[in-house]
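For reference, the structure is listed below as structure tokens.
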């Protein structure tokens, strides 16, 4: 179990839009950096059998792979987990590395009683502060990351009472299993189910050009009441080129709307659901 804690690194699909993945946070005592976060992106599939994974298998794998004084600098003695799946990425391409990491650390977790698919592999992604999962309470992830959203795509954004802007990086289906990409486009629907606190707002925008949302050492994150995850835009690092769309869908000409819809349907069809 978990015999290979160091790998050559993930192999990402060319377009991660709507790519399904599994993510887990490990609770460890006295960790100076926060909760170790692992996810399956780029490590051999889209976590298709997530319902068969067990928390105990993940704990056992982690503790066997990263014991006390392990050479990889990860805290030992995990006693609990936060299962953060299934999720689907919103961005198209991503580059991410935990601050200070020089190798890709992995965690092989067995699927019980599933012939032909005995394990899934999680890669170490970041350390998160221990408030992850609390709606509308910012947390931080110790990582360098660039999330790239292609020109003309839709992005989904939160603005807090201090006018901080957060852009959705992934949507979740563990709170609402029926949540789909199309729902995110409907501002009225999302506002009705998100439980937005006073002073917070949700909106949809279309990108005028490619957008790189960058974090340098510390990404500020927030989740909404559905578990969807957003990263704060740092204006010192990221130029934000958008055309705001107030309705549930962007305002296009008929021809452009048809073309966009056809491309979107094709992308959703080929992506994991």
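Being surrounded by fewer than 18 Cβ atoms within 10 Å (Cβ to Cβ), within 22 Å of residue 177 (Cβ to Cβ), outside the structural domain of residue 211 (by TED's automatic domain parsing) and under 21 Å from the mean Cα position of the chain (by Cα): is that true of residue 82 here? The answer is yes for residue 82.
Every condition in (1) modelled with pLDDT under 90; (2) closer than 21 Å to residue 227 by Cα holds for residue 101 except the one numbered (2).
Quick test for you: out of 255, 247, pick the one residue that is over 22 Å from residue 98 (Cα atoms), at pLDDT below 65 and touching a helix residue (DSSP H, G or I) at 6+ places or on another chain (Cβ under 8 Å). Step through it out loud before you land on a result.
Details: 255 fails: touching a helix residue (DSSP H, G or I) at 6+ places or on another chain (Cβ under 8 Å).
Criteria check complete, one pass: 247.
Among the residues of the range 157-179, not a single one is modelled with pLDDT of 95 or more, in a helix (DSSP H, G or I) and surrounded by 15 or more Cβ atoms within 10 Å (Cβ to Cβ).
Here residue 191 clears all of (1) touching a strand residue (DSSP E or B) at 6+ places or on another chain (Cβ under 7 Å); (2) in contact (Cβ under 8 Å) with a residue 12 or more places away in the chain except the condition numbered (2).
Residues of the range 118-130 being part of a loop (DSSP other than H, G, I, E, B) and within 16 Å of the chain's Cα centre (by Cα), which ones? Once the filter is applied, which keeps residues that are part of a loop (DSSP other than H, G, I, E, B) and within 16 Å of the chain's Cα centre (by Cα), the range 118-130 yields only 129. Checking the stated criteria, residue 108 turns out not to satisfy the condition of being modelled with pLDDT of 95 or more and over 17 Å from the mean Cα position of the chain (by Cα).
Residues in the range 134-156 that are part of a loop (DSSP other than H, G, I, E, B) and either over 17 Å from the mean Cα position of the chain (by Cα) or closer than 20 Å to residue 19 by Cβ (or both): how many? Lay out the reasoning, then the answer.
The first filter runs over the range 134-156 and keeps only residues part of a loop (DSSP other than H, G, I, E, B), leaving 134, 136-138, 150-153.
Of the ones still in play, those that are also either over 17 Å from the mean Cα position of the chain (by Cα) or closer than 20 Å to residue 19 by Cβ (or both) are 150-153.
Residues flagged as part of a loop (DSSP other than H, G, I, E, B) and either over 17 Å from the mean Cα position of the chain (by Cα) or closer than 20 Å to residue 19 by Cβ (or both) within the range 134-156 amount to 4.
Looking only at residues in the range 66-75 that are within 24 Å of the chain's Cα centre (by Cα) and at negative phi, the one that is surrounded by the fewest Cβ atoms within 10 Å (Cβ to Cβ) is 72.
The values are calculated or read from the model by the stated rules, or taken from the named source; none is laboratory data. Just so we're clear, the structure is a prediction, and the values are computed from it rather than from any experiment. Please note: Cβ atoms are built from the backbone with ideal geometry, for glycine as well, and neighbour counts cover all protein chains shown.
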